[in-house]
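The values are calculated or read from the model by the stated rules, or taken from the named source; none is laboratory data. Just so you know, these numbers come straight off a predicted model, no measurement behind them. We place every Cβ from the backbone using ideal geometry, glycine too, and count neighbours over all the protein chains shown. Accessible surface is based on the protein model in full, side chains and every heavy atom, while ligands, DNA and RNA are left aside. Shrake-Rupley method; radii C 1.70, N 1.55, O 1.52, S 1.80 Å.
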Amino acid sequence: MTTSCNAAATVVMDGRSTTSTTTSSSIVSSSCVSSSPTESFERTHLHPALERRRRLGSLRTLTPYHSHGTSLDDNGNTQSFLDFSSNDYLGLAQSQQQHDIVQEIYQQQQEQQQQTYHSLGSTGSRLLTGDSQYAHTLERRLAQYHQQPAALVCNSGYDANLAVLSSLTAHGAILLLDELCHNSIQMGIRMGQRRKTQNHTQQKENQSTNDNNNNNNENNNNDQTTSTITTSTNSTVRSFRHNSVNGLETLLQEEVSSISTSTSSSQPTSSSSSIVIVVESIYSMDGDAAPLQEIFDLAYRYNACVVVDEAHGLGVYGVRGMGLIEEYQLQHHPSLLCAIYTFGKAAGCHGAVVCGSNTMIEFLYNFGRPIIYSTTLPYHSLVCIDCAYQTMRNDTGQRLRHHVLDLVQTFRRLMTDQVVATIRSGSSTDSSSGSCIDCGGRMSLLVESQSPIQAILIPGNQRCVDFCKMMYIRSNGSIRLFPIRSPTVPHGQERVRVVLHAFNTKEQVQYLVSMIRLCLIDLQLLPPSLEMTTTTTTPSRYQSKL
């Protein structure tokens, strides 16, 4: 087979680009055959992107994680392992007792049901062969738990946010979101904006066709035509400063004023019902809580709706562990459009549910593409969700919540006493968002949080990586923390994320804090003179029991 290279080709040699032109079809240059199309694409597009990440210290890698009990070190020796990183707040994902409960209920359901369930997979989407009576029963139960009219189970929290936000954006909602909202929320909005642009283009094409077919009828829906063509293809999406109620109100005032100016209605603020405020109950990178009561009251005052992502609130807050909305008794607030509850954290399993009105749920399985086009969760996953809610809502769940929140107070008290207070007299910096450690212009900040998520700000990607490596070495491989680097968080706000669990003990938390302090000293984030007597013996691991 003869290959022709008639166009100018750019060849990269020794880091320099040179251009050569070949016109002969019988002589094939080495640049045309030296690599396959796949290799050429990777060299041109993928390798440079990865190299940029590597230079910035933000290249991600995959490393198996043993979250609880024991693991093997590099030499194959068994070592104790303490989990201070996973999102398994209540320990349900690692509980043998919870596993046994799931298996028992799963077997009972299989025996009780007359119809045959697919044990290994659901075989299709909910709109095709993946639906089941058990899924409907579970959704009615979840709706009742969260005190909403209806619920819709999704494959993951990410999918749920994509479905909700893309659908709302594509249908003209004005979105006001907290600047720290999760990537899934932001990607859902982008997805919806693209869909709205496509719909707008199609409407223009259809209208053009209609105009050509009816060009002799001047009275044919002229007002409607103008409205369609002048509709903006970009939905209004604005963000407000994190947890700033004042910042949110400023945006609400501006949007309501804009709506009032652009409408001829005698009651212009009635159109502000198209405004949707999007927040998280507990923010995953900072661990702080949204001022939900103030946000809901503000939304109602401006006739706006609220969407809440409860991924990190479920299981931890509320009298029955149903989240921060339950904690503040906002389930029946007139501005609550819907809430998303993710099961991969405190629930210890997989999937998510959107809870809202019957209209909202019907809207989602008609327009939420991640729901429409994804194979749904298998039957066993639905049983896991059902059992997780039973545990979270009973006395066992309440006991686990109390223990983990008690550990939060222990951690913060120890960090204040052993790390922050020791240098406070030598630092003139004090932040309202946390307790500041300032050493030679370098800063570590314990972010204000009362949730199991505790963040230590250590600006700089490489410094974060070094801290986590040092922690692993100092703890003899028993503690593995993870650096949260830019671009996951903004540049200059890199941090190490510590997560506390119901299976951790106070002894383990004391050991963790002593290791944190030693590592800060090792990295010269604390002066050596502050080194005190430290517990260096790894505490015995705690067996996760319900």
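There is at least one residue in the stretch 151-169 that is among the β-branched types (V, I, T), modelled with pLDDT of 95 or more, farther than 20 Å from A304 by Cβ and under 20 Å from the mean Cα position of the chain (by Cα). Of these, Q207, Q148, which one is of a type in the set (S, T, N, Q), surrounded by 14 or more Cβ atoms within 10 Å (Cβ to Cβ) and at pLDDT below 90? It is Q207. A count restricted to the stretch 363-380 and to residues that are open to solvent by 30 Å² or more (accessible area, probe 1.4 Å) and under 11 Å from L138 (Cβ atoms) stands at 0. Count of the stretch 463-498 residues, restricted to those that are under 30 Å from A49 (Cβ atoms), part of a strand (DSSP E or B) and of a type outside the set (F, W, Y), is 5.
Note on the stretch 56-94: residues that are β-branched (V, I, T) and either modelled with pLDDT of 75 or more or open to solvent by less than 60 Å² (accessible area, probe 1.4 Å) (or both) total 2.
Can you pull out every residue in the stretch 494-513 that is open to solvent by 10 Å² or more (accessible area, probe 1.4 Å) and closer than 19 Å to V419 by Cβ? I'd like the intermediate steps shown before the answer.
First, pick out the residues of the stretch 494-513 that are open to solvent by 10 Å² or more (accessible area, probe 1.4 Å): 497, 505-507, 510.
Scanning the stretch 494-513 gives R497, K506, E507, Q510.
Looking only at residues of the stretch 124-136 that are open to solvent by 40 Å² or more (accessible area, probe 1.4 Å) and either free of Cβ contacts under 8 Å to residues at least 24 places away in the same chain or assigned to a helix (DSSP H, G or I) (or both), we find that the one that is nearest to F367 (Cα to Cα) is L128.
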